[in-house]
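Here's the structure we're looking at; comments come further down.
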Amino acid sequence: MRPESGWEHASRLVAAVIAAACVPAAAVVWRFGISLGTMSPLLLAVALLAFAGALTLLLIPPFGARILRAMGLDPSSPVHRVVAVAFVLTVIDAIALFTELAESAPAQMPFYPSDPLVSLVTDVSLALAGVGFALTRDLRATLARLDVRRMTRRQLVLAVLVALGFQLVIGVMEHLESVLLPSVHALEDRFGYDFIGLPPWAGAILTSVTAGVGEEVLFRGALQPRLGVLLTAVLFGALHVQYQVPGMVMIVLMGIALGVLKNRTSTTFTAVVHVLYDVGAFLLPDF
């Protein structure tokens, strides 16, 4: 390893000072309710903390290396550093959104047919870019890296049974939440979908297919081999900020189960399970 130049050392020192200054600055913003344009004090404070986190991971080797090793990543890999920054920023952003949504009243969100399709394209594009499609891998190698492969009939039947098992387990957990935490449980489904231009059943199926495929390719296919089962499940749960804490914990547990299944089967298998579970979650309460 070559020694650091004076310029590199100075730039890292400046980064450390700026990162350290962001923490008390965020506290001041939060304490005195300082906003910036359309950014609320909470979001501004979160932005400062996220900036500090990104600087630490990217430019301050001692701290960044410890964090990356704790995440099971290689501190010497620029790709792994970017993955770590994305993880930290996503979790911090999710916490901020969760806090702001906590005080929101129940609402029906307009949902157009293009919305789930855009989400699918975004998730798959991120997964493809993350594994180096067209840069370091061709299509065959990319599909192998994402563990997307053909399923047998037996695996399809097994996926149906697993999805039914998920419905049963999550149903029991939701019932326990309704008994033990009725006020919290009442807020879990306060945000509904108002499907525009589609019958509710068609919107439910379209949303389930695009979410199941896109999220599994991104999380279990692209991220899990880098982050491991647990961190991938935490990130998966953190993005479901429309739910309360018990609901997000259930999603993390489901993410862990999907991660274990992926390691024993394939991303295709977990995508089918995810799609079938989501379809059931949408449609079964109507029967």
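To make sure I understand, if each residue's beta carbon is the centre and we count other beta carbons within 10 Å, what order do PHE269, PHE282, PHE32 fall in, fewest to most?
PHE32, PHE282, PHE269
So what's the chain giving for Rg/Rh, alpha carbon basis, Kirkwood Rh from the mean inverse pair distance?
Rg/Rh for the chain comes to 1.00.
Give me PHE166, PHE191 ranked fewest to most by other Cβ atoms within 10 Å of their Cβ, as a rough exposure proxy.
PHE191, PHE166
At 30 angstrom or more along the helix axis (alpha-carbon based) and mean Kyte-Doolittle of -1.0 or higher, what helices does the chain contain? Whole DSSP H runs only.
6-32, 78-101, 153-180
Summing -39500 (n - 2.57) over the DSSP H runs of n ≥ 4 in the chain and dividing by its residue number, what mean residue ellipticity at 222 nm do you reach, to the nearest 500 deg cm²/dmol?
Calculated from helices alone, the mean residue ellipticity at 222 nm is -24500 deg cm²/dmol.
First check a/c for the range 20-96, with a ≥ b ≥ c the square roots of the eigenvalues of its C-alpha gyration tensor; if it is under 1.5, answer rounded, and if not, answer prolate when a/b is larger than b/c or oblate otherwise.
Prolate is the answer for the range 20-96, as a/c is 1.5 or above and a/b outweighs b/c.
Using the basic label-point model (7 angstrom from Cα toward the beta carbon), what is the LEU176 to ASP194 distance in nanometres?
3.6 nm
Do you know the relative contact order of the chain, to the nearest whole percent, from alpha carbon pairs under 8 angstrom that are 6+ apart?
21 percent
Would you calculate the separation in nanometres between label points at GLN155 and VAL118, each defined as 7 Å from the Cα along the Cα-to-beta-carbon direction?
3.3 nm
How far apart, in nm, are the 7 Å Cα→Cβ label points at LEU101 and SER76?
4.1 nm
No lab work stands behind these numbers, since they all come straight from the coordinates. Bear in mind the structure is a predicted one, so any value in this text is a computation, not a measurement. Because the Cβ atoms are built from the backbone with ideal geometry, glycine has one as well, and the counts that use them run over all protein chains shown.
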